[in-house]
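This report refers to the structure that appears directly beneath it.
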Amino acid sequence: MGKLTEFLMKAPAPPPQMGFCMPMMKRWVPGRLQPWIYVLTAFCFQFSGGMYLGALDGIRGTTNFMIEDVMFLLYATLAGMAVWFPMLFKMKFRFTNQQLLCTSAIVIGICNVITMYCHSMSILVIACFIAGIAKIQGTFECMSNIQQWITPKRDFAVFFPVLHIILLTAIEGSGWLAAWMAHHFTWQMMHVLTVGTMSFVLLTQILLCSPFCPMPKRCSLRGTDWQGALLICLTMLLYSYIFVYGDYYRWLASQHIRMAVALALVSTGLTIYRLFHNRYPYVELELLKCKNVVPILIVTTLAELAFGAEHTLEEILYSEVVGLEELTKESQYLWTLPGMFLGIALDLYWLKVQKWKIWKLIGIAFLSIFSYALLMYTTIGTDVNIEQYRLGIVLRGFGYGIMSPALMWALQESVSRLELFFMGLFLFNITHMYLGGAMGYGFYATIFSHFLNEDMMHYGRLLTLTNIDLSQFNFGAFMGGDYLHAMMLVAIKQVYGYVIWFSLLLAAIFLLCDIPAVRTNIRKVPLWPVLAIEYLSERRKSMS
């Protein structure tokens, strides 16, 4: 023992710990610069897309597309992003980072060229859908490689809030940038910029990176339920078509919607059948048996229904009543970013520092939605400056900044395996984008139209020949001027009234009931190769 102790004492001390290094980066690239290159690459992917809603006026001015067409293309992009989540885990262990990032950049560049010159909706839907797949694949590859730089202990209570700083900044920033490009140049220039950023991604990968895969023995994609994935894609697109075009075609009064509903029901039935009878379904039913997964999906749906008022009512207010151009409107929406950053900071304090239960945090998010709706209800008027709406925009941004990272963290804490977590993200985004987002858009557009028609008929009964002078009364100017705007403002306030009661009820439920549904002990995640080995061993056990 003495000789061993003496040897250890004389042994040279180990070298100081190196800074964060990325194995895919070439050696001459400075270590401090390496993760920031991938952060910039992630921003490039997140600012990309199929069609950009911020350039809506320019798109409608040069094409025959309606707002419903652009919204449907947007949901096609979101469908591609959502359906690819279960494949992210497998693709990382099958291909190198260079293959994944270069392929994603090339695909997004080609899809943006198509959307610039093609006016066929069927081709554009496919292009936007594929662009969504490439967008989420590129973003995941970037963020998974710098996860340990963001949080060396792989603490998801830190990682998800930081991730949403990039995601939410890109969501608001891409809309403003598309509007700025359309205002100063043409709406196609945003697509040209996207092609340029994808060229930058290709250049950095070729010059600065080398092929690297965390698994020396690549995982096989055999056994993937591709037919089930295509069936799920078709189902998602059908439901988005129903919700987006429902109010325009008067719902079931139109043959288009009736056929879409019938096809959606058939595809839903086939999808459920495959989930129960396929040996390796695209989404494992074990996910729904995990504790708290179903409540989290329900809360996500309710939250998106509450936030749907912002997407629909503010668009009507700024575009139809106030008459703002797209750039001014998108500049107004940028005020959500301070609120989002405050919400993300609260998430970090709540989940990481204090480690409190999450359901009260969600109650605060619903309370901010209530405050936003109440403020809009009391502020909306014909003589109100748009600056007076900014506090409400900050409040809804605060609620969204709380809700998104918190629910994603709760979902990760509730599943038993990381592979199931990516399948859970698939269901999370279905409820987030379709059951909540698209359904909320159709729901609020329909009840707004109902209230507007009802108010106009009620006011029309008061117009009699005894209280108007037909010789001095210009009915066309009356219907197209202040009267119509006043009726629209009344209808918007009526819808906000329902949002107030809905969000207040949900806030009261979560704030008053201390539901210990998600544990507060944060679970650490091992390195990617360890996860891959565990995944392969579980696959071998299931196949034997």
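The values are calculated or read from the model by the stated rules, or taken from the named source; none is laboratory data. Remember, it's a predicted structure, so these values are computed and weren't measured experimentally. Positions of Cβ are generated from backbone atoms using ideal geometry, with glycine treated the same way; all protein chains shown enter the neighbour counts. Each accessible area value is taken on the protein alone, full model and side chains, heavy atoms only, with ligands, DNA and RNA left out. Shrake-Rupley method; radii C 1.70, N 1.55, O 1.52, S 1.80 Å.
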Amide H within-cut-off set for CYS209, under 5 Å, with H built and near neighbours excluded: LYS26
Computed accessible area, HIS119, all protein chains, 1.4 angstrom probe, square angstrom: 100 Å²
Could you list, in their original order, any pairs among LYS135/LYS291; LYS329/LYS360; LYS291/LYS360; LYS135/LYS360; LYS92/LYS360 whose Cα atoms are separated by more than 25 Å? LYS135/LYS291; LYS329/LYS360; LYS135/LYS360; LYS92/LYS360
Over region 59-144, equivalent-ellipsoid semi-axes from the Cα gyration tensor in Å: 27, 13, 9
Would you check the accessible area of SER503, probe 1.4 Å, heavy atoms only, in square angstrom rounded to 10? 0 Å²
With every protein chain left in place and a probe of 1.4 Å, what is the accessible surface of THR268, to the nearest 10 Å²? 40 Å²
Order 60-66, 163-169 from most to least packed using the mean count of other Cβ atoms within 10 Å. 163-169, 60-66
Just flag the GluC sites (Glu not before Pro) in region 302-407 sitting in loop per DSSP whose Cβ has no more than 16 other Cβ atoms within 10 Å. GLU325
To make sure I understand the rule: partners must be aspartates and glutamates, Cα under 14 Å from the Cα of LYS355, and not fewer than 8 residues away in the same chain. Which ones qualify? ASP155, ASP347, GLU413
Taking all protein chains in place and a 1.4 Å probe, what share, in percent, of the accessible surface of region 155-300 do carbon and sulfur account for? 71 percent
In region 197-331, taking the dipole from +1 charges on Lys and Arg beta carbons and -1 charges on Asp and Glu beta carbons about the Cα centre, the listed residue (THR197, ASN292, PHE307) farthest towards the positive end is ASN292
For region 332-393, listing trypsin sites (Lys or Arg not before Pro) in a DSSP loop whose Cβ sees at most 13 other Cβ atoms within 10 Å gives LYS355
Assigned charges on the beta-carbon of Lys, Arg, Asp, Glu; region 28-177 dipole about Cα centre (debye): 600 debye
